[in-house]
Amino acid sequence: MSLPNFTDDGDLPVGVYRVSLEKVIEHFGKGSAKRQQIAQRLERIHKIAFSAGKIAHFIIFGSFVTAKL
C-alpha cells in the first residue's frame, strides 16, 4: 500500500495506513532540513524499538505526517 495525497488542509485522509518505514521516510522525510533530521531520528527509534523484539506495531502521528514544513 502507498500513502495517499494530502487533503486540501495538508493532512492525510482519515484512515490507518500500513506501509513500511521506508515509504514513510520517502513520503514525509524530505522538504526541509528539520524533516530530514526528524526522519533520521525516527529511523533510529524504530531500529531500537524493534531490536528489543517486544513491539508488534509502530504508529506515527502528529505534525510529521502532515504537509507542514
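The values are calculated or read from the model by the stated rules, or taken from the named source; none is laboratory data. Note that the structure is a prediction, hence the values are computed from the model and not measured. Neighbour counts are summed over all protein chains in view; Cβ atoms, including those assigned to glycine, are modelled from backbone coordinates with ideal geometry.
Residues in the stretch 55-69 that are in a loop (DSSP other than H, G, I, E, B) and not β-branched (Val, Ile, Thr): Ala56, His57, Phe58, Phe61, Gly62, Ala67, Lys68, Leu69. Of the residues making up the stretch 1-35, just one is under 9 Å from the mean Cα position of the chain (by Cα) and of a type in the set (Phe, Trp, Tyr), namely Phe28. Looking only at residues in the stretch 26-54 that are assigned to a loop (DSSP other than H, G, I, E, B) and exposed (fewer than 12 other Cβ atoms within 10 Å of the Cβ), the one that is modelled with the lowest pLDDT is Lys54. If you check Lys23, Lys54, Lys30 for being without any contact (Cβ under 8 Å) to a residue 40 or more places away in the chain and in contact with a Leu (Cβ under 9 Å, 6 or more places away or on another chain), only one passes: Lys23. Selection within the stretch 57-69: residues that are of a type outside the set (Val, Ile, Thr) and without any contact (Cβ under 8 Å) to a residue 40 or more places away in the chain. The member of this set that is surrounded by the most Cβ atoms within 10 Å (Cβ to Cβ) is Phe64. Of everything listed in (1) of a type outside the set (A, V, I, L, M); (2) out of contact with any Lys or Arg (no Cβ under 8 Å at 6 or more places or on another chain); (3) at pLDDT 90 or above, the single unmet condition for Ser63 is (3). The set of residues in the stretch 1-25 being touching a Phe, Trp or Tyr at 6+ places or on another chain (Cβ under 9 Å) and either farther than 23 Å from Leu69 by Cβ or not in a helix (DSSP H, G or I) (or both) consists of Met1, Ser2, Leu3, Pro4, Leu12, Pro13.
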